[in-house]
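See below for the structure under consideration.
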Amino acid sequence: MKLLKSSKLVKSSLMSLALVSGLAAGNVYAQEQKPQAPATPAMPQQAAPTLEVSDAQIDEFADAYVAVQGLSQEYRAKLQGAAEDPEQTQQLQQEAQGKMKSAITDSGLELVEYRQIAQAANQSEELRNRIAAAISEITGQGQETEAES
C-alpha cells in the first residue's frame with residue numbers, strides 16, 4: 001500500500017518536476033546553447049517515441065530527482081524570504097539553477113537525458129513505477145521493516 005501511495009506521489013511530483021526542472025534546468029541549458037537558425041514551420045505533434053531507459057539510468061535519474069527535490073524545497077523557502085528583494089530573488093534563482101544542474105550532472109546524466117526521462121515518465125506508467133521504486137529505495141519510503149511484516 002505504501003508503494004502505491006509513493007507511486008502516486010512520484011507521478012504527481014514527476015509531472016510538476018518536469019515543469020519545474022524544465023524551467024530551471026532548461027534555462028541553464030538554454031544559456032549554454034549557441035543560437036541556432038530559426039525553426040522550421042511547426043509540424044503536427046506526434047506521440048513521442050518510446051525511450052529505452054536502463055536500470056543504471058533509472059538509478060541515476062532517481063539520485064538526481066531526490067537531490068533536485070531537496071534543492072527545490074530549500075530554495076523555495078529562501079525565495080519566499082527574499083520576495084521583497086528582486087535582486088536577491090534573481091541571485092537565488094540563478095544559484096538554485098546552478099546547483100540543480102550540478103546535482104543532475106553529478107548523478108551521471110546530462111541535462112537533456114534527465115529531461116527526456118522525466119518526459120517519458122509522464123507518458124509511461126511502467127517507467128514511473130520503476131522510478132518510484134528507485135526513489136523509494138533511496139529515501140527509504142515505502143519499505144517495511146521485518147518487524148512490521
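The values are calculated or read from the model by the stated rules, or taken from the named source; none is laboratory data. Model, not experiment: these values are computed from the prediction. Cβ: placed from backbone, ideal geometry, glycine included. Neighbour counts: every protein chain shown.
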Which numbered condition ASP63 misses (of (1) buried (at least 19 other Cβ atoms within 10 Å of the Cβ); (2) more than 27 Å from GLN141 (Cα to Cα); (3) not basic (Lys, Arg)): (2)
Residue list for region 101-110, filter: surrounded by fewer than 20 Cβ atoms within 10 Å (Cβ to Cβ), assigned to a helix (DSSP H, G or I) and of a type outside the set (S, T, N, Q): ASP106
Name, by its number, the condition in (1) buried (at least 17 other Cβ atoms within 10 Å of the Cβ); (2) at pLDDT below 95; (3) part of a loop (DSSP other than H, G, I, E, B) that does not hold for TYR75. (3)
For residues that are in contact (Cβ under 8 Å) with a residue 40 or more places away in the chain and hydroxyl-bearing (Ser, Thr, Tyr), scanning just region 82-121, find the one that is farthest from ALA132 (Cα to Cα). SER107
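Scan region 128-137 and give yes if some residue there is at negative phi, of a type outside the set (Asp, Glu) and free of Cβ contacts under 8 Å to residues at least 60 places away in the same chain, otherwise no. Break it down into steps so the answer makes sense when it comes.
Taking region 128-137 first, the residues at negative phi are 128-137.
Right, trim to of a type outside the set (Asp, Glu) and you get 128-136.
Filter once more, keeping what is free of Cβ contacts under 8 Å to residues at least 60 places away in the same chain: none.
No, region 128-137 contains no residue that is at negative phi, of a type outside the set (Asp, Glu) and free of Cβ contacts under 8 Å to residues at least 60 places away in the same chain.
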